[in-house]
1. The conditions are (1) at pLDDT below 90; (2) closer than 20 Å to LEU81 by Cβ; (3) more than 17 Å from the chain's Cα centre (by Cα), and PRO174 fails exactly one of them. Which is it?
2. Of everything in the stretch 64-75, what is in a strand (DSSP E or B), surrounded by fewer than 19 Cβ atoms within 10 Å (Cβ to Cβ) and in contact (Cβ under 8 Å) with a residue 60 or more places away in the chain? Give them in sequence order.
3. Surrounded by fewer than 20 Cβ atoms within 10 Å (Cβ to Cβ) and not aromatic (Phe, Trp, Tyr), is that true of VAL101?
4. Return only the number of the condition from (1) assigned to a loop (DSSP other than H, G, I, E, B); (2) crowded, with 20+ Cβ neighbours inside 10 Å; (3) of a type outside the set (A, V, I, L, M, F, W, C) that THR56 does not satisfy.
5. Can you give me the ranges of the strands (runs of 3 or more DSSP E) entirely in the stretch 76-184 with at least 1 residues that are within 27 Å of ARG51 (Cα to Cα) and out of contact with any Lys or Arg (no Cβ under 9 Å at 6 or more places or on another chain)?
6. Can you tell me which condition VAL105 does not meet? The list is (1) out of contact with any Asp or Glu (no Cβ under 7 Å at 6 or more places or on another chain); (2) in contact (Cβ under 8 Å) with a residue 60 or more places away in the chain, and all the others hold.
7. Check THR59, THR68, THR94 and return the single one that is modelled with pLDDT under 95 and assigned by TED's automatic domain parsing to the domain that holds LEU130.
8. Would you mention how many residues in the stretch 89-102 are without any contact (Cβ under 8 Å) to a residue 60 or more places away in the chain and touching a Phe, Trp or Tyr at 6+ places or on another chain (Cβ under 8 Å)?
Amino acid sequence: MASLKLRRRHDLRYNERMRASFVASRLGSWVQAVVCGASLLLVACGDDPRRPIFETTLTVENASNQPTTAFITAEPVRLVLHVRNLTDAAQTLTTPSGQLVDFWVRRLTDRAVMWRFSDGMAFTQAVTTLAFAPREIQVFPVVWDQRATDGGVVRSGDYQAEGFVATAENLAFPDVRPIRSETSASPIPFSILSPS
């Protein structure tokens, strides 16, 4: 008799688990269908959150505009930020001031920031919008004279160039560069060599 009660209790628990599993599978399928449908709707509308809108790249070039990773001391270093609209629609980027982009150069040994393009510059304190036509690439070049922020020429060694659009997101945590985002380029390492 006791084993029969135990068996019934086991059967009831088994049936409850099976019912719960069945409901969860049906509910899961329904939720999956809704999510899939919403995803298809977003793709059809062009707002797929998984697909980036912008691609930002950085090149480090010599005075002849040729990409390179080695410079002689005091040779001009050209940093070029390319921001590309990846969509077939017009897009905009907003910056919290008149500063559109920024470039940083770090010493690789200790990650110390040696130079910032924006140091010592004044920008209008008005929200600025960058407009991009479909598939448009905007290019932002600057030339660094290998002088540190304090005015002295940097020593030979290994450095890293960083470039980004000056969005509020990219400026929010300046000591946590580089931030990985659509508007922040991957850092580029390069070397400054002593003249031989």
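1. (3)
2. Across the stretch 64-75, the qualifying residues are ALA70, ILE72.
3. no
4. (1)
5. 77-85, 91-95, 101-107, 128-132, 137-144, 157-165
6. Tallying (1) out of contact with any Asp or Glu (no Cβ under 7 Å at 6 or more places or on another chain); (2) in contact (Cβ under 8 Å) with a residue 60 or more places away in the chain, VAL105 fails exactly one: (2).
7. The match here is THR94.
8. Residues that pass the stated criteria total 4.
The values are calculated or read from the model by the stated rules, or taken from the named source; none is laboratory data. Everything numeric here is computed off the predicted structure, so don't read it as measured data. So basically every Cβ, Gly included, is an ideal-geometry build from the backbone, and we count neighbours across all protein chains shown.
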